[in-house]
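Worksheet: the structure to be examined is printed underneath.
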């Protein structure tokens, strides 16, 4: 089990779901737009269909990214995520899942983020109640990552 810590102060990690046209280079153009504004993508999950692509992104500066999306007319939604630092990929992941199962809270979707500053694994989850899930995992000794922790 992870070492015991207190809940990290700060804003929850925000994820953007960005609607892109299903065409070659659309995702690359979006990432380039963000990088040109000194915003790094630290997490990504892509769901593709024939007509459109939904890119789920976690970035280092969500306030600026949101402003850019609005200025450029890029359709998006935003939601909070629970991000947990894992020291061990196998047992750590199972412990996270077991704790959430015992607490009877559902995970809508999950994906890993780029390694943390210290090289550790990060798991991002969208859950039915992110404050409750954060509390459950914090009480179980997991480190909950805030948006400030991701700003590099």
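What to note about this one:
- Residues considered: 74, 68. Of these, the only one that is under 26 Å from residue 32 (Cβ atoms), touching a residue at least 40 places away in the same chain (Cβ under 8 Å) and more than 13 Å from the chain's Cα centre (by Cα) is 74.
- Filtering the stretch 101-127 to residues that are over 21 Å from residue 46 (Cβ atoms) and part of a loop (DSSP other than H, G, I, E, B) leaves 103, 104, 105, 106, 116, 117, 118, 119, 120.
- Number of residues in the stretch 90-123 that are loosely packed, with under 11 Cβ neighbours inside 10 Å and under 19 Å from the mean Cα position of the chain (by Cα) equals 4.
- Per the conditions (1) at pLDDT 90 or above; (2) under 22 Å from residue 16 (Cβ atoms), the sole criterion not satisfied by residue 132 is (2).
- Across the stretch 45-75, the number of residues qualifying as assigned to a strand (DSSP E or B) and within 18 Å of residue 150 (Cβ to Cβ) comes to 6.
The values are calculated or read from the model by the stated rules, or taken from the named source; none is laboratory data. Keep in mind it's a predicted model, so treat the numbers as computed, not measured. All Cβ positions, glycine included, derive from the backbone under ideal geometry; neighbour counts span all protein chains shown.
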